[in-house]
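Beneath this line is the structure, given in structure tokens, with notes to follow.
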């Protein structure tokens with residue numbers, strides 16, 4: 001997949017495999033329970049951040065919210081520890 005727009009694209013990917021993928025069958029490789037890490041690579045993206053979080057938990061994660069805010073404000077994710 002190629003990012004066709006001029007705006008910067010930042011992708012946050014999770015690696016905690018809790019989600020629908022566990023019920024329907026094992027997903028290959030690292031994943032967040034729904035999306036495989038390999039599927040989050042987008043040609044032309046500015047940056048990708050990989051966090052230890054499940055797919056659904058991204059909606060309520062304070063870390064994901066803070067990193068989203070950082071990217072939208074500065075065009076890059078904040079440094080992680």
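Every number in this text was worked out from the coordinates using simple rules, so none of it is lab data. All figures in this text were calculated on a predicted structure; none of them were measured in a lab. Don't worry about glycine lacking a Cβ; one is built from the backbone with ideal geometry, like all the others, and counts go over all protein chains shown.
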Item checked: FRET E, pair residue 73, residue 52, Förster distance 30 Å, beta-carbon r, rounded to 0.05 -> 0.80
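Determine, for 58, 30, the number of other Cβ atoms within 10 Å of each Cβ, and report the residues in order from fewest to most. Could you put the intermediate results ahead of the total?
On the way: 58 19, 30 15.
By the 10 Å Cβ count, ascending, the order reads 30, 58.
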Item checked: Distance (nanometres) between label positions extended 7 Å along Cα→Cβ at residue 1 and residue 42 -> 0.6
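Write down the Kirkwood hydrodynamic radius of the chain, to one decimal in angstroms, obtained as one divided by the mean of 1/r over all alpha carbon pairs. Provide the component values of the computation, followed by the final result.
Details: mean 1/r = 0.0754 Å⁻¹.
Here the Kirkwood hydrodynamic radius works out to 13.3 Å.
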Margin query: Using a Förster radius of 22 Å, what is the FRET efficiency between residue 63 and residue 18 based on their Cβ-Cβ separation? Nearest 0.05, please.
Written below: 0.85
Next item on the list: Counting other beta carbons within 10 Å of each Cβ, put 36, 2 in order, fewest first.
Entry: 2, 36
Check: Taking only DSSP H segments of four or more residues, each worth -39500 (n - 2.57), what value at 222 nm results for the chain once the sum is divided by all its residues, to the nearest 500 deg cm²/dmol?
Finding: -6500 deg cm²/dmol
Item checked: Helix axis angle, 62-74 relative to the chain longest principal axis, alpha carbon, degrees -> 30
